[in-house]
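Student: Sending over a structure as structure tokens; questions will come in a sec.
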């Protein structure tokens with residue numbers, strides 16, 4: 001066996017373990033993705049509080065993003081991923097213990113944003129790790145496989161959340177959530193790749209954030225992506241809360257049906273992950289990204305007027321297909337362009353900046369859905385997404401063919 005063949009086999013093994021570990025971590029995220037809003041709805045009956053909790057998660061991720069990129073570039077990334085998994089397991093484990101005695105809404109307002117911060121750090125770390133585990137020409141394909149594993153987890157997560165919540169209540173679902181992060185951490189212990197810190201120079205976190213921002217701002221495509229995604233995040237961050245409210249309140253369905261609808265919807269992510277490499281190769285980056293968000297706008301416009309849960313599931317699947325294609329293309333482009341020693345900081349800055357309007361959007365739009373109805377709000381969101389996609393066609397994104 002040649003040395004090159006041995007290295008390839010080792011990389012394949014490490015990536016396979018990494019993929020499995022991230023699948024369990026994604027399963028935890030997808031379970032909490034449904035369980036937390038259901039827990040809030042069961043405890044308060046308020047879609048506004050659902051939006052506030054979702055907004056606070058984003059506040060946690062944005063705050064973490066200010067320094068997480070520098071941490072990712074300074075420390076062993078594998079150990080950081082393990083630490084984030086263990087921290088989330090402990091945080092989510094507290095919730096069902098507390099709910100066994102009595103609902104404690106204040107606990108959600110404390111625990112959920114902190115867990116969101118650890119999720120942000122883990123997401124930045126995994127983006128920075130992926131190019132080290134595969135060759136440069138395999139990045140889009142590897143991201144597609146990771147998205148596929150997330151899609152499988154996302155199908156299982158809402159189904160588990162809905163079924164368990166319907167029988168034992170949403171607090172029991174969050175206990176399962178905590179266990180998935182323990183399994184993910186155990187898998188990461190088995191990976192053997194060389195992951196020495198890429199950045200040994202000690203600077204302030206402010207300087208590191210500025211370094212990531214400077215790289216983003218100087219690249220015309222990344223700069224435009226960051227700006228347009230800021231508005232798209234404002235529009236879509238609270239969409240899951242609105243859909244859950246629509247299915248539960250407007251259509252009068254159970255928790256189990258909510259789980260099935262969201263699980264069926266994530267089939268769109270699975271299709272996106274399997275086809276994105278071919279789509280990008282055939283259409284180029286610009287057409288893939290712009291076309292995906294234009295179609296997403298049309299789909300969202302129709303969600304609020306859907307009176308059948310099957311139609312809602314199909315529309316959600318199409319929306320997640322669109323955001324999956326756009327998201328994989330965007331992440332792969334950023335990984336291809338950015339030097340590895342800057343990847344943590346650039347990813348952190350990218351996500352922090354484009355997520356900054358998300359908490360406001362989640363709070364405002366869920367409140368609007370409660371006051372004006374889901375139909376008009378979804379129509380407005382869809383029209384705005386179409387407008388942003390149209391603007392993108394006249395920016396450097398539209399001219400990007402790679």
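Student: I'm told residue 5 meets every condition in (1) under 17 Å from residue 351 (Cβ atoms); (2) at pLDDT below 75 except one. Can you identify the failing condition by its number?
Tutor: (1)
Student: Here is a follow-up. Enumerate the pairs (first residue in the stretch 59-79 and within 19 Å of residue 237 (Cβ to Cβ); second residue anywhere and outside any helix (DSSP H, G or I)) with beta-carbon separation below 8 Å, excluding pairs fewer than 6 apart on the same chain, so at least 6 apart or on different chains.
Tutor: Within 8 Å, the pairs are 62/356.
Student: Looking at the stretch 64-105 only, could you name the residues that are under 21 Å from residue 43 (Cβ atoms), out of contact with any helix residue (DSSP H, G or I) (no Cβ under 8 Å at 6 or more places or on another chain) and not in a loop (DSSP other than H, G, I, E, B)?
Tutor: 97
Student: Among the listed residues 161, 136, which satisfies the condition of being modelled with pLDDT under 80, farther than 19 Å from residue 178 by Cα and touching a helix residue (DSSP H, G or I) at 6+ places or on another chain (Cβ under 9 Å)?
Tutor: So the residue among 161, 136 that is modelled with pLDDT under 80, farther than 19 Å from residue 178 by Cα and touching a helix residue (DSSP H, G or I) at 6+ places or on another chain (Cβ under 9 Å) is 136.
Student: May I pose another question? Take residue 118 and decide whether it is closer than 24 Å to residue 233 by Cβ, out of contact with any strand residue (DSSP E or B) (no Cβ under 6 Å at 6 or more places or on another chain) and part of a helix (DSSP H, G or I).
Tutor: yes
Student: Hey, another quick one. Would you be able to say whether some residue in the stretch 343-364 is in contact with a helix residue (DSSP H, G or I) (Cβ under 9 Å, 6 or more places away or on another chain), at pLDDT 85 or above, farther than 30 Å from residue 208 by Cα and surrounded by fewer than 23 Cβ atoms within 10 Å (Cβ to Cβ)?
Tutor: Within the stretch 343-364 (the criterion being in contact with a helix residue (DSSP H, G or I) (Cβ under 9 Å, 6 or more places away or on another chain), at pLDDT 85 or above, farther than 30 Å from residue 208 by Cα and surrounded by fewer than 23 Cβ atoms within 10 Å (Cβ to Cβ)), the answer is yes, since at least one residue qualifies.
Student: Determine which member of the set 90, 38, 19, 80 is farther than 23 Å from residue 240 by Cα, buried (at least 22 other Cβ atoms within 10 Å of the Cβ) and modelled with pLDDT of 80 or more.
Tutor: Result of the check over 90, 38, 19, 80: 80.
Student: Within the stretch 336-355, does at least one residue satisfy the condition of being more than 18 Å from residue 74 (Cα to Cα) and part of a loop (DSSP other than H, G, I, E, B)?
Tutor: Taking every residue of the stretch 336-355 in turn, none turns out to be more than 18 Å from residue 74 (Cα to Cα) and part of a loop (DSSP other than H, G, I, E, B).
Student: Just to check your reading of the model, which residue among 277, 292 is at negative phi, surrounded by 23 or more Cβ atoms within 10 Å (Cβ to Cβ) and either in contact with a helix residue (DSSP H, G or I) (Cβ under 9 Å, 6 or more places away or on another chain) or in a loop (DSSP other than H, G, I, E, B) (or both)?
Tutor: 292
Student: For the stretch 373-386, which residues satisfy the criterion of being touching a residue at least 24 places away in the same chain (Cβ under 8 Å) and either part of a helix (DSSP H, G or I) or in contact with a strand residue (DSSP E or B) (Cβ under 6 Å, 6 or more places away or on another chain) (or both)? Working first, answer last.
Tutor: Just the residues of the stretch 373-386 that are touching a residue at least 24 places away in the same chain (Cβ under 8 Å), to begin with: 373-379, 381-386.
Hits for the stretch 373-386 are 374, 375, 376, 377, 378, 379, 381, 382, 383, 384, 385, 386.
Student: Given the structure, is residue 240 in contact with a helix residue (DSSP H, G or I) (Cβ under 6 Å, 6 or more places away or on another chain), in a helix (DSSP H, G or I) and either touching a residue at least 60 places away in the same chain (Cβ under 8 Å) or surrounded by fewer than 22 Cβ atoms within 10 Å (Cβ to Cβ) (or both)?
Tutor: Answer is no for this residue.
Student: Cβ contacts < 9 Å: first residue closer than 15 Å to residue 72 by Cβ, restricted to the stretch 203-216; second residue loosely packed, with under 14 Cβ neighbours inside 10 Å and at pLDDT 75 or above, any location; separation 6+ or different chain. Result?
Tutor: What qualifies is 215/339.
Student: Here's another thing I want to ask about it. For the stretch 95-113, what are the residues that are buried (at least 17 other Cβ atoms within 10 Å of the Cβ) and closer than 15 Å to residue 35 by Cβ?
Tutor: The answer is 95, 96, 99, 108, 111, 112.
Student: When you scan the stretch 315-325, do you find a residue that is over 24 Å from residue 245 (Cβ atoms) and buried (at least 20 other Cβ atoms within 10 Å of the Cβ), even just one?
Tutor: Yes, some residue in the stretch 315-325 is over 24 Å from residue 245 (Cβ atoms) and buried (at least 20 other Cβ atoms within 10 Å of the Cβ).
The values are calculated or read from the model by the stated rules, or taken from the named source; none is laboratory data. A quick note: this is a predicted structure, and the numbers were derived from the prediction, not measured. Virtual Cβ from ideal backbone geometry, glycine too; neighbours counted across all protein chains shown.
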